[in-house]
Each structure stands twice: as structure tokens, then as C-alpha cells.
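Peer 1: Quick one: the structure is below, and I'll ask about it shortly.
The values are calculated or read from the model by the stated rules, or taken from the named source; none is laboratory data. Just so it is clear, the model here is predicted, and its values are computed rather than measured. So basically every Cβ, Gly included, is an ideal-geometry build from the backbone, and we count neighbours across all protein chains shown.
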There are 2 protein chains.
Amino acid sequence: MNWISNSEILIVGLGLIGGSYAKGLTRLGYHVYAIDPDAEAVSYAKENGIIEDGSTEADPKLIQKADAAIFALYPSVFVRWIKEHGNQFKEGTLLTDVTGVKSCVVYEVQKALPKGIEFIGAHPMAGREVSGIKNADERIFLNANYIVTPTEQNTPEAIEWCKSLGKLLGFRHIAVLSPEEHDEMIGFVSQLTHCIAVTLMTCNDNRHLVDYTGDSFRDLTRISRINETMWSELFLMNKAKLLEQMDLFIRELSEMRTLLEAEDREGLKEKMKLSTERRAYFDN
Amino acid sequence: MNWISNSEILIVGLGLIGGSYAKGLTRLGYHVYAIDPDAEAVSYAKENGIIEDGSTEADPKLIQKADAAIFALYPSVFVRWIKEHGNQFKEGTLLTDVTGVKSCVVYEVQKALPKGIEFIGAHPMAGREVSGIKNADERIFLNANYIVTPTEQNTPEAIEWCKSLGKLLGFRHIAVLSPEEHDEMIGFVSQLTHCIAVTLMTCNDNRHLVDYTGDSFRDLTRISRINETMWSELFLMNKAKLLEQMDLFIRELSEMRTLLEAEDREGLKEKMKLSTERRAYFDN
């Protein structure tokens with residue numbers, strides 16, 4: 001399937017991200033349908049012109065009409081949905097997702113699908129601290145990164161199709177990583193950072209500090225308002241990689257602690273110089 | 001000294017913060033003078049109307065003319081300056097500072113000053129990732145926090161005077177803490193966060209990740225471009241309190257690691273719920 005204007009696109013899961021995909025694709029002129037168990041989300045999306053039609057159940061009519069489907073579900077729910085309904089798509093349908101972990105999802109989904117229905121994983125690295133279709137906003141994709149995670153099962157056409165979806169939605173940088181590379185990267189840049197933000201809030205009762213915080217503390221804890229159901233699942237589904245990153249980080253922070261305890265000014269300065277030098281790459 | 005419009009104010013140290021004080025006070029109509037060993041900083045400030053006059057040395061004429069002096073120096077340099085030149089101020093002069101650590105500075109400075117010259121410590125919690133007079137900008141004070149750190153030696157008048165300085169410069173919230181309370185708070189909200197940001201950059205060579213980072217990683221590492229001379233000094237001068245905060249944080253992060261390793265989903269969710277609940281206080 002190419003991205004031609006009369007394509008029929010099914011979104012499964014109308015939360016913040018699914019809703020933002022729906023908004024963006026509807027605005028671009030596609031026919032967008034949705035499935036979500038939450039009746040309120042479906043009717044809100046219909047009433048606000050975000051989708052043409054929708055259902056609270058895995059309606060075979062909507063599934064069979066789709067030229068492409070985008071899954072915006074929790075990882076475990078996604079895998080279960082595919083096992084139950086994945087064989088109902090018509091041959092040639094392309095499927096993709098928005099899941100934040102890949103290795104434990106992509107292979108299982110590909111294995112569960114019949115021949116002729118291709119799934120190509122993707123991770124749009126965008127979000128907000130609020131959730132739900134009512135907060136959906138396709139502008140969160142602008143300037144964000146989008147990662148396609150093909151396996152050996154994927155065709156070059158599906159990979160290209162998935163990259164075009166990212167481009168159409170306005171992502172700034174489209175990258176291709178294996179599911180394993182993706183999970184290692186995400187364990188560091190996203191999951192470890194969320195662990196740190198949460199830990200800053202839980203390590204002591206800091207509410208009395210609200211009047212004294214500068215920007216640094218606010219920056220480091222912005223993401224500590226966290227959807228505990230989604231993030232505990234993401235952590236657990238990337239357990240091995242995240243544990244590795246946590247160990248690396250704890251070891252390095254303990255090393256800085258040792259330098260401070262030993263009053264090793266030069267050692268501390270070396271760490272800071274390396275940090276400044278590396279961070280400069282991220283400001284270009 | 002009250003904040004009357006013909007007051008003569010000496011700024012010692014014309015970096016980013018000293019320069020921003022000078023700009024703000026000059027704009028408010030005060031007569032502002034400065035001492036800084038960097039001839040270029042002094043002439044830049046004079047040429048750009050940031051100060052009326054300045055010197056690269058501890059010029060007794062400038063010192064004796066001051067009704068008030070503001071010290072924006074590294075902590076150790078500040079203490080040394082006071083020991084060498086503090087007795088040259090005229091009686092009744094009020095001194096304050098901008099130093100980011102308090103216990104190890106405030107008492108020593110007060111002890112070194114002759115009777116009749118009062119020092120009241122303050123910490124403007126504002127900054128930028130760039131330094132020097134050329135980046136000075138009094139707008140960094142707007143909406144920032146300002147903390148006055150009196151000791152038993154201070155008069156109510158000096159405390160009020162110091163608070164008014166913060167109000168005049170536009171700080172949003174003016175607080176009073178003892179030097180010890182200040183250092184404990186700053187060990188957590190500022191120094192620990194800088195340790196974490198630096199550690200995120202040094203724990204592995206992450207430069208290849210620049211294309212994959214979302215906002216979380218950028219937020220958590222914004223402050224990792226760090227002035228290593230100043231921050232190593234701040235860490236060392238608050239060693240005991242910072243070590244305590246690092247230990248608290250490492251212990252709590254290790255606890256989260258244990259929950260993840262044990263696949264304790266409910267335990268992880270409890271931490272996240274607590275985090276969300278506490279962080280909400282910081283968004284009001």
C-alpha cells in the first residue's frame with residue numbers, strides 16, 4: 001500500500017498517541033477509522049471529526065476495510081489483540097505500531113500474523129505528560145524522532161512505507177534500528193531517565209522544597225508525573241536492557257561519589273569536562 | 001542602608017551573575033561600580049553602560065565609596081577577598097553575596113569583618129548555561145527563587161534590606177533559611193541534579209544517540225554543560241550534605257532496580273504513583 005489519498009486507515013487504540021495519529025492522518029485527507037473499548041473516546045473522536053467511523057469492538061467490517069492499521073496499545077494488549085484478530089485483515093494490509101519497546105513485541109506479532117499481512121514496527125518518540133484522545137495533538141510529532149525497527153521478515157517496501165508515514169506526520173528525523181538496538185537505546189535515553197526522575201521524587205519527601213527549586217530540579221523531574229500502568233509495563237518488557245543501563249548509571253554515580261568523598265577536585269573536574277564536551281553534540 | 005536612588009553599590013566579580021546584578025541595579029537608577037581582575041570585563045561593562053566605573057584591583061576609593069557591596073565570586077575567592085580587603089569598607093556598609101553554598105562561607109566572612117560592617121548571605125537561584133558579563137541578563141531573575149541565609153549575627157534591618165534587593169531585582173519568591181537548611185536543600189535540588197546530569201553523560205559514550213533522543217534525555221542533561229571549576233568547588237564546599245543526598249538517591253534507585261529485577265509490577269507502580277502525586281505540587 002502506498003500513501004495515496006483514498007487509503008483507508010484503521011487506528012487501534014485512541015489514546016493520546018493513537019488520537020494524534022488519527023488527527024494528523026485525517027487532516028492529510030485519509031479515511032481514518034478506529035477501534036477502542038472506550039465508548040467515550042470513540043464518540044469524542046467521531047463528533048470532533050478526528051475519525052470517520054469507529055467501534056468499541058474488533059469490528060470485522062472495520063478490520064477488513066483497512067489498507068493499513070496503526071496499533072497504539074499497551075505492549076501486552078497489542079500482542080493479545082493480534083493473536084485474537086490479526087488474521088481478519090485482508091491480504092496485503094500493512095500494520096505498524098507505536099510501542100515503546102520492540103524486541104518482545106515485534107517478533108511475536110510477526111509470528112502471529114498469517115502470510116500476506118506484514119507488520120513493521122515503529123516508535124514515534126513523542127508524548128505529553130497528559131493522556132487520552134482529548135489531549136491528542138499531531139503537533140507533538142513535529143521535530144520529534146521516529147524509529148523504524150525492521151526484522152529479517154520485513155520487505156523493503158514495507159520499510160519504505162513505514163518511513164513515509166513518519167515523514168507525512170512531520171517527524172524531524174527518521175531512523176532505522178534493529179529491535180535490539182532500539183531497546184538498548186531506549187533503555188538509556190528514555191527508561192533510565194524516567195527511573196531517575198521518579199527516584200528524585202521518591203527518595204525523600206521534597207514537597208516542602210517547592211519554593212526553593214530552580215529550573216534544574218524542574219527539568220529533571222518534569223517526566224516524573226508518569227502513567228504507572230504503561231511505564232511499569234515498558235520497564236518490565238525491557239527488563240534486561242534497562243537493568244544494564246541502571247547498573248552502568250549507578251556504578252558511574254558511585255564513582256563520582258568516591259571522587260567527592262576523597263576530595264579529588266581534579267577527578268571531579270575531568271568528569272565535568274567530559275560531560276560538557278559530550279553534551280555539546282546534543283545542542284547542534 | 002535603604003534602597004534609595006542615590007545609593008552607591010559596588011559589585012565584586014563581573015561574571016554572568018555579577019553582571020546581571022549590575023545591569024538590573026543600573027537600570028533601576030543606582031550608581032553601580034565594579035571590581036574584577038578581568039580588564040576586558042570591566043571595560044565592556046563601562047562601555048555598555050552597565051557600570052559607572054570599575055577597576056581590575058581592589059581599589060580603596062571604590063570600596064570606601066560603597067553604601068552596599070554584592071559579591072559574585074567563587075566561594076573560596078570570596079572568603080579570601082574579604083580577609084584581605086573587608087576592613088576597608090566604611091562603617092555601616094551592608095554586604096551580601098550570590099554564593100551557591102552557605103555554611104562554609106557565611107560564618108567565615110562574618111568573622112573576618114570588623115564590627116559595623118554587616119554581611120548577610122543570599123543565594124539567587126538563577127543562572128544560564130553560558131557565562132561571563134557578555135551573557136549577563138537581569139531577566140534571568142524574573143520568576144526565580146531568592147534565598148536569604150541569616151545567622152544570629154545579623155540584624156533584622158540587614159535581613160529586610162537583603163530581601164528588598166531580591167524584590168527589586170524581580171525574583172518571584174523570597175525565602176529565608178539558615179545556612180545549614182540552605183545547604184541541605186541545595187545539595188538535593190541543585191547539586192544532586194547536576195551530579196545526575198553529568199553522570200548521564202559520562203556513564204557511556206552516548207554521542208551516537210543524538211539522533212534518537214527525545215525531550216526527556218535533553219531535559220535531564222541540559223545542565224550537564226557545566227563550569228567544572230565552579231561546580232567542583234561548590235560540591236567540595238558542601239561535601240557532607242551532598243554525599244548524604246547522593247547516598248539517599250543511590251539507595252532509592254537501587255531499590256527500584258531490585259523491584260524491576262524481581263518483576264514486582266505493583267512495587268514499581270507504587271513508586272510511580274508516589275512520584276506523580278509529589279510532582280503535582282511542583283506544577284501549581
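Quick grid of which residues meet (1) over 25 Å from B:LEU25 (Cβ atoms); (2) hydrophobic (A, V, I, L, M, F, W, C); (3) crowded, with 20+ Cβ neighbours inside 10 Å; (4) within 14 Å of another protein chain (Cβ to nearest Cβ):
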position	(1), (2), (3), (4)
B:GLY132	no, no, no, no
B:ILE140	no, yes, yes, yes
B:ASN145	no, no, yes, yes
B:GLY166	no, no, yes, yes
B:HIS173	no, no, no, yes
B:ASP183	yes, no, yes, yes
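Peer 1: Keeping to the stretch B:11-29, report how many residues are crowded, with 21+ Cβ neighbours inside 10 Å and over 11 Å from B:ILE140 (Cβ atoms).
Peer 2: 8
Peer 1: Please count how many residues of the stretch A:69-118 are among the polar types (S, T, N, Q) and part of a helix (DSSP H, G or I).
Peer 2: So the answer is 5.
Peer 1: Moving on to the next point. Please find, among A:ARG265, A:ARG257, A:ARG278, A:ARG251, the residue that is modelled with pLDDT of 95 or more and over 16 Å from B:LEU253 (Cβ atoms).
Peer 2: Exactly one of A:ARG265, A:ARG257, A:ARG278, A:ARG251 is modelled with pLDDT of 95 or more and over 16 Å from B:LEU253 (Cβ atoms), namely A:ARG265.
Peer 1: Only residues that are surrounded by 20 or more Cβ atoms within 10 Å (Cβ to Cβ) and free of Cβ contacts under 8 Å to residues at least 24 places away in the same chain: list them for the stretch A:186-211, please.
Peer 2: Correct list: A:VAL189, A:THR199, A:MET201, A:THR202, A:CYS203, A:ASN206.
Peer 1: State yes or no: is B:VAL77 surrounded by fewer than 24 Cβ atoms within 10 Å (Cβ to Cβ), under 25 Å from B:GLN153 (Cα atoms) and not assigned by TED's automatic domain parsing to the domain that holds B:LYS239?
Peer 2: Yes.
Peer 1: Looking for whichever is in contact (Cβ under 8 Å) with a residue 40 or more places away in the chain and touching a helix residue (DSSP H, G or I) at 6+ places or on another chain (Cβ under 6 Å) here; the options are A:GLU228, A:GLU180. Which one fits?
Peer 2: Testing whether each residue is in contact (Cβ under 8 Å) with a residue 40 or more places away in the chain and touching a helix residue (DSSP H, G or I) at 6+ places or on another chain (Cβ under 6 Å) leaves just A:GLU180.
Peer 1: Still on this model: Only one of (1) of a type outside the set (Val, Ile, Thr); (2) more than 18 Å from A:GLU181 (Cα to Cα); (3) crowded, with 23+ Cβ neighbours inside 10 Å fails for A:ASP97. Which number is that?
Peer 2: Every listed condition holds for A:ASP97 apart from (2).
Peer 1: When you look at A:ILE117, is it over 22 Å from A:PHE235 (Cα atoms) and in contact (Cβ under 8 Å) with a residue 60 or more places away in the chain, yes or no?
Peer 2: Spelling it out, it is not the case that A:ILE117 is over 22 Å from A:PHE235 (Cα atoms) and in contact (Cβ under 8 Å) with a residue 60 or more places away in the chain.
Peer 1: Shifting gears a bit: The conditions are (1) touching a Pro at 6+ places or on another chain (Cβ under 7 Å); (2) within 14 Å of chain B (Cβ to nearest Cβ), and A:SER103 fails exactly one of them. Which is it?
Peer 2: Of (1) touching a Pro at 6+ places or on another chain (Cβ under 7 Å); (2) within 14 Å of chain B (Cβ to nearest Cβ), only one is false for A:SER103: (2).
Peer 1: Within the set of pairs 6+ apart or on separate chains, which have a first residue in the stretch B:61-78 that is within 13 Å of B:TYR33 (Cβ to Cβ), a second that is modelled with pLDDT under 95, and C-beta atoms under 7 Å apart?
Peer 2: From residues that are within 13 Å of B:TYR33 (Cβ to Cβ), the pairs are B:ASP67/B:MET1; B:ASP67/B:SER7; B:ALA68/B:MET1; B:ALA68/B:SER7.
Peer 1: Could you say which residue among B:GLU129, B:GLU108 is modelled with pLDDT under 95 and over 20 Å from B:LEU169 (Cα atoms)?
Peer 2: Only one candidate qualifies: B:GLU129.
Peer 1: Give me the strands (runs of 3 or more DSSP E) completely within the stretch A:1-68, filtered to those with at least 2 residues that are in contact with a His (Cβ under 9 Å, 6 or more places away or on another chain), ordered by residue number.
Peer 2: Result: A:8-12.
Peer 1: Ok, one more. Check the stretch B:264-276 and report whether any residue there is among the aliphatic types (A, V, I, L, M), surrounded by fewer than 16 Cβ atoms within 10 Å (Cβ to Cβ) and either without any contact (Cβ under 8 Å) to a residue 60 or more places away in the chain or touching a Pro at 6+ places or on another chain (Cβ under 6 Å) (or both).
Peer 2: Within the stretch B:264-276, none of the residues are among the aliphatic types (A, V, I, L, M), surrounded by fewer than 16 Cβ atoms within 10 Å (Cβ to Cβ) and either without any contact (Cβ under 8 Å) to a residue 60 or more places away in the chain or touching a Pro at 6+ places or on another chain (Cβ under 6 Å) (or both).
For every residue, the table says whether it meets (1) in the same structural domain as B:TYR44 (by TED's automatic domain parsing); (2) closer than 18 Å to B:VAL106 by Cα; (3) assigned to a strand (DSSP E or B).
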site: B:PRO124; (1), (2), (3): yes, yes, yes
site: B:GLU129; (1), (2), (3): yes, no, no
site: B:LYS134; (1), (2), (3): yes, no, no
site: B:TYR146; (1), (2), (3): yes, yes, yes
site: B:ASN154; (1), (2), (3): yes, yes, no
site: B:GLU157; (1), (2), (3): yes, yes, no
site: B:LYS163; (1), (2), (3): yes, yes, no
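Peer 1: Examine the stretch B:44-60 for a residue that is surrounded by 24 or more Cβ atoms within 10 Å (Cβ to Cβ), closer than 26 Å to B:ALA175 by Cα and not assigned by TED's automatic domain parsing to the domain that holds B:ASN227, and state whether such a residue exists.
Peer 2: Checked the stretch B:44-60: no residue is surrounded by 24 or more Cβ atoms within 10 Å (Cβ to Cβ), closer than 26 Å to B:ALA175 by Cα and not assigned by TED's automatic domain parsing to the domain that holds B:ASN227.
Peer 1: Sticking with this one: Among the residues of the stretch B:200-255, write down those that are of a type outside the set (D, E, K, R) and touching a His at 6+ places or on another chain (Cβ under 7 Å).
Peer 2: Of everything in the stretch B:200-255, those that are of a type outside the set (D, E, K, R) and touching a His at 6+ places or on another chain (Cβ under 7 Å) turn out to be B:SER216, B:ILE223, B:ILE226, B:TRP231.
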